[in-house]
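Working notes, beginning with the structure itself.
Nothing in this text is a laboratory measurement; each read-out follows from the coordinates by a stated rule. These figures come from a predicted structure and were not determined experimentally. Please note: Cβ atoms are built from the backbone with ideal geometry, for glycine as well, and neighbour counts cover all protein chains shown.
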Amino acid sequence: MISDSDDVLSWLLEGPPWISYAVETQLLDRRRDPSDVLNDPDIKAVVDRLKANSSGFPALGTGTLRYNSGGNVYWDLSFLADIGLSISQLGLEVEVEGLFDLQRDDGSFILQEGTRSSYLCISSIILSSLARMGYAEDPRLLKFIDLALGQQRLDGGWHCAISRAKGNKLQETESCPMDNQNLLLLFGQYASLKEEGRMNGAVGLLLEHWARRAEHWRPYGFGIGSQFMKVRYPETKYGLLKVLDVLSLYPYAVRQLEYQEMLGALMNKSNGGRYSAESISRSYSKFDFGQARAPSRWITFLVNRIIKRSNAILKNIV
C-alpha cells in the first residue's frame, strides 16, 4: 500500500494528529478517536476561518469569494474532508444550513459574482466535501446532483456555458476539464455513480487530455504543461494530483493505460517514497503542504491514498 517502504509509514505516523489520523483511518483502515485532531490548534484555526464572515460559509452569500484562491471555504472544507472529519464533529451545522439557504429552486447555487446558475463546477467543490462529511443523502444535495446529471453534454462531460448545452449551437464542442474534474469528484462519492457507464465520457475526456498533452489541444483553454505537472495542495486549479485523486475513484479510469501513465508520472516525483509540494499557498503556511523546503507528509499521504484506491480496483476488491 505505502509506495516505497515501512519507513515511509512510520514517518507518516510520526506527523501531527491530523496526518496520523488520516493515515490510520484511510490507509490502515483502523478506528481512531478524532478528539486530538479536533483539538489541534492549526485545525481549530481552519474551523474558525470557516465560520468567519470574510472567508467562511457566511461569505458565500456575498459572492466575493473566489474558488481559485486558497484560504477560504472552498478549500478549507476540502482539506477537512480529506482528513476524514465530519460536519457534526466540527460543529459546523449552522454554517452549512446557511449555504443551503442560498440554494435556488432548481437545485443550483450562484456563489460567485459574475457567474450563473449553470456554473455547477463552483458549487460542486463545496458539495463534494459535504458529501464526504455526512451530507451524502441530504435531499438538497441530491437535488443538485439530479440537476447536474440532467445537464450532461453530448460528449459525456459538463460545461458552464449555456451556449454549449445540449440543444444549443455549441453542443458539439468539448466539455471543460475543470467542470469534469469537479463534478466527477462529487459523483465519485456515490458507489452507484462511480460504477455507472454514463461517467465514462467525462472520465475519458480527462484521460484523452493527458494522452494528447503534447498536442496544441487546449479544451476551453486548459492545457497540460509545467503548471499542471506541479504537485500542490490544495489544488485550486487543474493539476496532476487533483485529477488523479478524482480519477482514482472510478474503476473505468484506473484500468486505462493513460491513467497508469499519469500515476507513474506522479510517482516519479518521489524521493525515497516521500513527496514535496512544488507550489504553495501562503494561506496554509502552518501546514507541511504550505512549504516547499522539506517533504510533505500530507502530500505523501494523498499519493498513497491514490495508490491504495488504484490497487484495490485492479485487484477487483471494489
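Checking each residue in the range 106-131 for being of a type in the set (S, T, N, Q) and surrounded by 23 or more Cβ atoms within 10 Å (Cβ to Cβ) picks out SER123, SER124, SER128, SER129.
Residues satisfying the criterion are absent from the range 302-310 (criterion: without any contact (Cβ under 8 Å) to a residue 40 or more places away in the chain, under 19 Å from TRP75 (Cα atoms) and surrounded by 20 or more Cβ atoms within 10 Å (Cβ to Cβ)). Condition first: part of a loop (DSSP other than H, G, I, E, B), within 17 Å of GLY264 (Cβ to Cβ) and hydrophobic (A, V, I, L, M, F, W, C). Now tell me which residues in the range 227-251 satisfy that. Scanning the range 227-251 gives a single hit, VAL231. Mind counting the residues in the range 252-283 that are over 22 Å from SER78 (Cα atoms) and not in a loop (DSSP other than H, G, I, E, B)? So the answer is 14.
Return yes or no: is ALA211 touching a residue at least 12 places away in the same chain (Cβ under 8 Å), closer than 13 Å to GLU174 by Cβ and of a type in the set (A, V, I, L, M, F, W, C)? Show your work before the answer.
Numbers: touching a residue at least 12 places away in the same chain (Cβ under 8 Å): yes; closer than 13 Å to GLU174 by Cβ: no; of a type in the set (A, V, I, L, M, F, W, C): yes.
It is false that ALA211 is touching a residue at least 12 places away in the same chain (Cβ under 8 Å), closer than 13 Å to GLU174 by Cβ and of a type in the set (A, V, I, L, M, F, W, C).
Looking only at residues in the range 284-297 that are assigned to a loop (DSSP other than H, G, I, E, B) and either touching a Phe, Trp or Tyr at 6+ places or on another chain (Cβ under 8 Å) or in contact (Cβ under 8 Å) with a residue 12 or more places away in the chain (or both), which one is surrounded by the most Cβ atoms within 10 Å (Cβ to Cβ)?
First pass over the range 284-297, keeping only residues assigned to a loop (DSSP other than H, G, I, E, B): 285-287, 291-295.
Right, trim to either touching a Phe, Trp or Tyr at 6+ places or on another chain (Cβ under 8 Å) or in contact (Cβ under 8 Å) with a residue 12 or more places away in the chain (or both) and you get 286-287, 291-292, 294-295.
On the way: LYS286: 12, PHE287: 22, GLN291: 15, ALA292: 15, ALA294: 10, PRO295: 18.
Checked the range 284-297; the qualifying residue surrounded by the most Cβ atoms within 10 Å (Cβ to Cβ) is PHE287.
Filter the range 150-181 for residues that are free of Cβ contacts under 8 Å to residues at least 12 places away in the same chain and assigned to a helix (DSSP H, G or I); which is surrounded by the most Cβ atoms within 10 Å (Cβ to Cβ)?
Our first condition is that a residue be free of Cβ contacts under 8 Å to residues at least 12 places away in the same chain; within the range 150-181, this holds for 150, 163-164, 167-170.
Next, only the ones that are assigned to a helix (DSSP H, G or I) stay: 150, 163-164.
Values: GLY150: 10, SER163: 11, ARG164: 23.
Of everything passing the filter in the range 150-181, ARG164 is surrounded by the most Cβ atoms within 10 Å (Cβ to Cβ).
I'd like to know if the range 103-115 contains one or more residues that are free of Cβ contacts under 8 Å to residues at least 24 places away in the same chain and not in a loop (DSSP other than H, G, I, E, B). Scanning the range 103-115, I find no residue that is free of Cβ contacts under 8 Å to residues at least 24 places away in the same chain and not in a loop (DSSP other than H, G, I, E, B), so the answer is no.
For the range 21-56, name all the residues that are part of a helix (DSSP H, G or I) and of a type in the set (A, V, I, L, M). Walk me through it before giving the result.
Step one: of the range 21-56, the residues part of a helix (DSSP H, G or I) are 21-27, 35-38, 41-51.
Hits for the range 21-56 are ALA22, VAL23, LEU27, VAL37, LEU38, ILE43, ALA45, VAL46, VAL47, LEU50.
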